[in-house]
1. Which condition does Tyr260 not pass, out of (1) in contact with a Pro (Cβ under 8 Å, 6 or more places away or on another chain); (2) over 18 Å from Val163 (Cβ atoms), if it passes all the others?
2. Wholly within region 148-261, which helices (runs of 4 or more DSSP H) include no fewer than the required count, namely at least 2 residues that are surrounded by fewer than 16 Cβ atoms within 10 Å (Cβ to Cβ), in the same structural domain as Ser134 (by TED's automatic domain parsing) and among the charged types (D, E, K, R)?
3. Suppose we filter Asp188, Asp221 for residues that are among the acidic types (Asp, Glu), out of contact with any Gly (no Cβ under 8 Å at 6 or more places or on another chain) and in contact (Cβ under 8 Å) with a residue 60 or more places away in the chain; which single one remains?
4. Within region 195-210, does at least one residue satisfy the condition of being closer than 17 Å to Leu287 by Cβ and touching a Lys or Arg at 6+ places or on another chain (Cβ under 8 Å)?
5. Do we have Asp138 as at pLDDT below 95 and outside the structural domain of Phe48 (by TED's automatic domain parsing) here?
6. Among what's in region 130-147 and is touching a strand residue (DSSP E or B) at 6+ places or on another chain (Cβ under 8 Å) and not charged (D, E, K, R), pick the residue that is surrounded by the fewest Cβ atoms within 10 Å (Cβ to Cβ).
Amino acid sequence: MSIHPDFQLPETFRAGIRCRTSYALPSAGSVILRPLNSHIVSYAKEVFSNGNVRGYKYPLPLIPGTNGICRIAAPATDTPHLQVGMLVYTSGIIRPLKVPAENIHVLNEYILTKELGYSFEDLGYISTLAVPFSGLSDISLRPGETVIVAPATRNFGSAAVLVALAMGAGKVIAVGRNEAKLKQICHDTNNSKVVPVTISEDLGADTAALQAHGPVDVYFDISPNSAAKALYIKAGISALRRGGRVSFMGGIMNDIDLPYHMMMFKALTLKGTFMYTPQQVYELIRLIETGLLPIGEKESHLK
């Protein structure tokens, strides 16, 4: 990762970034990687600067980011399926050191970079897409179903809109407070299946606005901690049809108010998911390699 002199990086970034040109032989079951791109999450300033207000602990040196696109620099002798120079995606904080071989996902470089024309930066978006893909997979989003995404105007929410479409959703209801951003998402996805709903924080009105788009099968929630008392969460759940499903993947740290009796009588299913499994990453990569989930320049505005 190069540092342009014009980049105003926090001091923690500058202290932590290192370049390495030679590597020791990895131990059994591990691989040494050369990072190419690591996607920096939207809340990075709360981790790497401003006093690390989230209180996350992380090792140094590191490449600031969560996961990454890398090349294999040196595989262990017991990982014959991994070869020097292979393009891979890896889960976990990226450092120019060894990582467990089970965290490595080999990418089809020819298809992704030659046929589909993606850059390493494009491929770095996999780490964001993997989050909503996991939650929507866990509640078995089916082709043709209607899904609410709330809020849809933030980083993971906008990614959830793309993922839901790629998984075959018949309609994606993009929810948020910023009407202009919602319209932009609808314009940029250029898909009539995406419809915006601007929330008013009036429970009855918001529930009715969501139900106006027909029976709703799935509510995907990726709310930030600041939304703990937001009424749109209850509205999203209340809008579901009988037998509907709810996915919670947000960052709310405290208890929230749920419509207990309504959920019981409607036989709703609520599933909490944190991050994703290796199998889900594998399935997501296949979705991207087949072209069903576009992540290139046309979608860069949503990142």
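The values are calculated or read from the model by the stated rules, or taken from the named source; none is laboratory data. Computed from a predicted model, the values in this text were never measured in an experiment. Here the Cβ is made from the backbone with ideal geometry for all residues, glycine too, and neighbour counts use every protein chain on show.
1. Single failed check for Tyr260: (1).
2. The qualifying helices (runs of 4 or more DSSP H) are 179-189.
3. Asp188
4. No; the residues of region 195-210 include none that is closer than 17 Å to Leu287 by Cβ and touching a Lys or Arg at 6+ places or on another chain (Cβ under 8 Å).
5. For Asp138, the condition - at pLDDT below 95 and outside the structural domain of Phe48 (by TED's automatic domain parsing) - is not met.
6. Once the filter is applied, the top-ranked residue is Ser140.
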